[in-house]
Amino acid sequence: MKTFILTIAGGGSTYTPGIVKSLLMRKDQFKLEELRMYDIDAERQNKVAVIVKEVVKEMDPSLKLVLTTDPEEAFKDADFVFAQMRVGKYKMRELDEKIPLKYDVVGQETCGPGGMAYGLRTIFPMIELIDFVEKYAKKTCWIVNYSNPASIVAEAIRRLRPNSRIMNICDMPVGVMRNMAAILGVAREELTVDYFGLNHFGWFTKVYVNGEDKLPVLREHARVHGLLTEDMSKVDVQHSDPSWIKTYKNIKYLVDMFPEYIPNPYMQYYLLSDHIVANTNKERTRANEVMEGREKRLFDAVDQYLATGEMNKDAFYVGVHGLFIVDVAISLAFDLRKRFLVIVENKGAIKNLPDDAMVEIPAYITSNGPEPVRVGEIPTFYKGLIEQQLAAEKLLVDAALENSYEKALMAFTMNKTVKSAFQAKQILDDLIEANKEYWPELR
Ligand code: NAD
Ligand code: G6P
Ligand code: MN
């Protein structure tokens, strides 16, 4: 039986225990010969590893687990790398969210100025990671990448490392499909969807169950309830946090106004930005909720385990996030050609968008990578919105590669969440100050 060396880059992530559990749930199909955790923050990674070791002990005790901050040790002969780095950690996420809000602009991890700030921090560390993998890992190694902001990261990789074996993925569409399945009373695996857009900027156009399009049923539900089901805590722990409940509920406004398709929840930040800002606590954003929630639960469980030897199994969970990345890896490993939504270069798939756009669309995942489906032409409303967002993302990558303040200002001005060039400049200047340690210089 084939076995694999797999490295989690960003081993100190709050998601690592859930991903490891998901991997080990599949050990009969996808047998690991060695699991490695790599991070630049040894202290954080060691803490998370307390839990990971327990998961391994329980589920696959003979598996070798390696913790390292050394790229050679991390990636030597690896078959798979799962990337999930958060450059600047939650401390910088909090600033990404709070600085735009000072100007009554959406403050969000991956959307608007906050997402662009995160993008400028992440582009070069991601390229460095790809180079480590190319240097040390097997030539056939695949990187499956969750690191955000995925659209901007994917565009930078397309330009700087066009031949790298990397699959950029997002768990939001599978998260939505989990809710859709609960609404329809079927299993998520029974859904086949059509979808187009950019990452965190797209629409479901068909939702098939047994060949029948259930979008009309979902539309009627979503008009009233958004994409909420009766009891979200039964469906998903993380997405039952108050901010996620609000997000799934907000879909109702969008579906009511534009019933044609079901939007990705992240569309709320662009199309309902005034409503979002008015309903955000500027002192306590999602970063605070995560630090006081997911991160605290995990680290409390570590402390408790070290003190008592007892593991709180509710401190982490697999969720669609953990399931999805392993599904993608298995499809890559065994050429299963399973259909997933992934981020790929357009190359004509969406006929009336540029070939070089990084788009999120369905693709069949083979051992040589994704084979995207043809989407065809998309209607003017969506095309216009996507083109504006795409231009902002491309300008932002230009800014990073050319060290251009002007391009960064264009990117910020172009983003739909920002009202004017004056406002863009104020936010950009504040973010430059806050990101001195991380951003490429902008002149
Ligand atoms: P986290 O802060 O808990 O973990 C991130 C880890 O990355 C930290 O331990 C940090 O030290 C490490 N790191 C930072 N820079 C690094 C580098 N250059 N090399 C190696 N490690 C580095 O964050 P989290 O909330 O668990 O999220 C992890 C990542 O996954 C984030 O990028 C987040 O945006 C992303 N994410 C993406 C999706 C998606 O749909 N694409 C879903 C969930 C999370
Ligand atoms: C979804 C998105 C991710 C994002 C995450 C944030 O899963 O697809 O891209 O990182 O939400 O979740 P959080 O709980 O950290 O706010
Ligand atoms: Mn995502």
(request) Obtain the nm distance between the two label points defined at E189 and E289 by a simple spin-label model: each point lies 7 Å from its Cα along the Cα-to-C-beta direction. (result) 3.1
(request) Any chance you could list the semi-axes, whole Å, largest first, of the equivalent ellipsoid that the Cα gyration tensor gives for the chain, using √(5λ)? (result) 31, 26, 23
(message) Quick check: convex hull of the Cα atoms in region 3-168, volume per residue, rounded to a whole Å³?
(response) 105
(request) Place a +1 charge on the Cβ of each Lys and Arg in region 3-168 and a -1 charge on the Cβ of each Asp and Glu, then give the dipole magnitude about the Cα centre in debye, rounded to the nearest 20. (result) 180
(request) Arrange F258, F204, F4, F316 by Cβ neighbour counts within 10 Å, fewest through most, would you? (result) F258, F4, F204, F316
(request) Just grab the label-to-label distance for M257 and M25, each label 7 Å out from Cα along the Cβ direction, in nm (one decimal). (result) 3.7
(message) Only sites in a loop by DSSP and with at most 13 other Cβ atoms within 10 Å count here; which GluC sites (Glu not before Pro) in region 189-269 make the cut?
(response) E230, E260
(request) For region 258-318, state which trypsin sites (Lys or Arg not before Pro) are in a DSSP loop and have at most 15 other beta carbons lying within 10 Å of their beta carbon. (result) K282, R284
(message) How big is the dipole moment of the chain about its Cα centre under a simple scheme where the beta carbon of each Lys and Arg is +1, that of each Asp and Glu is -1, and everything else is neutral? Debye, nearest 20, please.
(response) 360
(request) Would you kindly state how much longer the chain becomes between D356 and I40 on full extension, computed as 0.36 nm times their sequence separation minus their alpha carbon distance, in nm to one decimal? (result) 110.5 nm
(request) Set Lys and Arg Cβ to +1 and Asp and Glu Cβ to -1, take the dipole of the chain about its Cα centre, and tell me which of M257, L323, L32 lies farthest positive. (result) M257
(message) If I take R0 = 30 Å and measure r between the Cβ atoms of M59 and K436 in this structure, what FRET efficiency does the formula 1/(1 + (r/R0)^6) give, to the nearest 0.05?
(response) 0.10
(request) Run the dipole for region 357-443 about the Cα centre, Lys and Arg Cβ at +1, Asp and Glu Cβ at -1, nothing else charged, and hand back the magnitude in debye, nearest 20. (result) 260
(message) Quick check: pseudo-label points 7 Å beyond the Cα along Cα→Cβ at V66 and F334, how many nm apart are they?
(response) 2.6
(message) Within 13 Å, Cβ to Cβ, of V106, how many net charges do the neighbouring residues add up to if Lys/Arg are +1 and Asp/Glu are -1?
(response) +1
(request) On each of the three principal axes of the Cα atoms of region 109-266, give max minus min coordinate, whole Å, ordered largest first. (result) 51, 35, 29
(message) Taking 10 °C and 1.306 mPa s as the conditions, I'd like the Stokes-Einstein D for region 258-358 in µm²/s, using the Kirkwood hydrodynamic radius from alpha carbon pairs.
(response) 86
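Since every read-out is calculated from the coordinates, none of them should be taken as a lab result. On a predicted model such as this, the values are computed, not experimentally measured, just so you know. For neighbour counting, all protein chains shown are included, and Cβ atoms are generated from backbone atoms with ideal geometry for every residue, glycine included.
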